[in-house]
Amino acid sequence: LSALACDLTCIPMLAYMVRILIEEGKTKGVFTRTDIYKRFLNHIIYEHDPNMAISVEKFQFAHNVKETLKRLSFEALALKEPEIQKIPIKLVNQYKTDSSMKIEDLLRFGLVNIILEKGDITQPYLFFTHQSLQEFLAAQYANEHEHAFKKIIAEIWAPKWKEVIKFLAGLRGEEIIREIYPDPERDNVIHGRLFLAAECTLEIKKISQELREKLENGLRKLMKIIPFEVNATKALEQLGEIHKLKSLLRNKDGFVRGAAIKALAQLKERIDDETIKEITGRLRDENGDVRRAAYQ
């Protein structure tokens with residue numbers, strides 16, 4: 001799980017997310033960072049003790065809290081001067097989905113807290129326990145509301161949307177990459193669309209061969225051009241993770257072949273039939289450990 005995003009083990013709140021999913025046995029089928037956030041939020045709102053009692057008895061209440069946090073997350077980021085992680089209470093009152101909802105209700109699930117600026121007790125703020133929670137909730141809102149989705153795509157270069165766009169890729173699939181990088185001729189001089197599209201692939205479980213080749217071809221060209229060669233090489237490695245592992249199935253070292261098979265097994269939702277055939281072909285491998293890994 002930590003390999004899906006290196007910051008998950010470095011930041012206490014995100015490490016807590018991973019720990020909770022492991023403790024609750026909810027890691028099956030988690031293959032992307034988006035999967036982690038989606039699984040964690042659903043668990044913390046609807047199943048985590050003591051929140052489960054609230055959600056079971058007052059399902060609509062829990063739903064309204066979640067919907068308010070999603071809308072609030074997007075609207076705060078959508079401002080010309082975005083409110084990131086720390087959101088004024090006046091915005092909360094403006095965008096809550098249920099007029100009878102109190103500020104205290106939004107605190108029930110531990111996703112946000114109330115803070116006061118030093119020296120001023122009259123202007124409280126709603127504070128997300130981590131910025132990425134706001135970004136993920138904003139992505140969920142945009143995924144469900146076309147006007148919000150179009151606004152983000154129209155403002156693709158705004159730094160505030162970068163992580164939201166990556167989460168959207170995890171929610172909508174390769175449609176996002178086609179929106180970001182529709183045509184190499186429409187990219188800018190620093191190839192920002194191509195690099196962003198490559199980053200988004202990490203959140204998508206399966207990408208069509210046609211789209212993968214389109215991105216790979218663009219990155220290979222940039223590998224030969226200064227000053228893009230470093231970023232292009234890094235992006236190509238991210239994009240070709242499975243292809244790299246697949247190439248190791250024919251490595252001369254049996255230990256490497258076995259390790260590659262085990263690694264590919266962890267990505268089974270993303271590998272194609274051709275790769276599966278290559279793995280099963282290792283059942284005839286000369287190395288017993290490799291045969292055992294392929295069998296398992």
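The values are calculated or read from the model by the stated rules, or taken from the named source; none is laboratory data. Please read all numbers here as calculations on a predicted model, not as lab measurements. So basically every Cβ, Gly included, is an ideal-geometry build from the backbone, and we count neighbours across all protein chains shown. The accessibility values were calculated without ligands, DNA or RNA, using every heavy atom of the protein model including side chains. Shrake-Rupley method; radii C 1.70, N 1.55, O 1.52, S 1.80 Å.
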Verdict on TYR95 being hydroxyl-bearing (Ser, Thr, Tyr) and either touching a Pro at 6+ places or on another chain (Cβ under 6 Å) or at pLDDT 95 or above (or both): no
Among all residue pairs at least 6 apart or on different chains, which show Cβ distances below 6 Å where the first residue, located in segment 40-65, is closer than 24 Å to VAL30 by Cβ and the second is at pLDDT below 85 and open to solvent by 40 Å² or more (accessible area, probe 1.4 Å)? SER55/TYR46
Residues of segment 58-80 satisfying the condition of being part of a helix (DSSP H, G or I), open to solvent by 60 Å² or more (accessible area, probe 1.4 Å) and modelled with pLDDT of 90 or more: ARG71
Would you confirm, using the coordinates I've provided, whether GLU83 is part of a loop (DSSP other than H, G, I, E, B), among the acidic types (Asp, Glu) and open to solvent by 40 Å² or more (accessible area, probe 1.4 Å)? yes
For LEU106, indicate whether it is within 19 Å of ASN42 (Cα to Cα) and in contact (Cβ under 8 Å) with a residue 60 or more places away in the chain. no
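So, THR233, is that one open to solvent by less than 40 Å² (accessible area, probe 1.4 Å) and either in contact with a strand residue (DSSP E or B) (Cβ under 8 Å, 6 or more places away or on another chain) or in a helix (DSSP H, G or I) (or both) or not? Reasoning before the result, please.
Details: open to solvent by less than 40 Å² (accessible area, probe 1.4 Å): no; either in contact with a strand residue (DSSP E or B) (Cβ under 8 Å, 6 or more places away or on another chain) or in a helix (DSSP H, G or I) (or both): yes.
Criteria not met by THR233.
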Scan segment 197-233 for residues that are of a type outside the set (A, V, I, L, M, F, W, C) and modelled with pLDDT under 85 and jot them down. LYS205, LYS206, ARG220, LYS224, GLU229, ASN231, THR233
If the Cβ limit is 6 Å and pairs must be 6+ apart or interchain, which residue in segment 281-296 that is farther than 14 Å from LEU264 by Cβ pairs with which residue that is open to solvent by less than 30 Å² (accessible area, probe 1.4 Å)? LEU283/ALA294; ASN287/GLY254; ASP289/GLY258; ARG291/ASP285
Apart from one, (1) open to solvent by less than 30 Å² (accessible area, probe 1.4 Å); (2) over 25 Å from HIS43 (Cβ atoms) all hold for GLN94; the odd one out is (1)
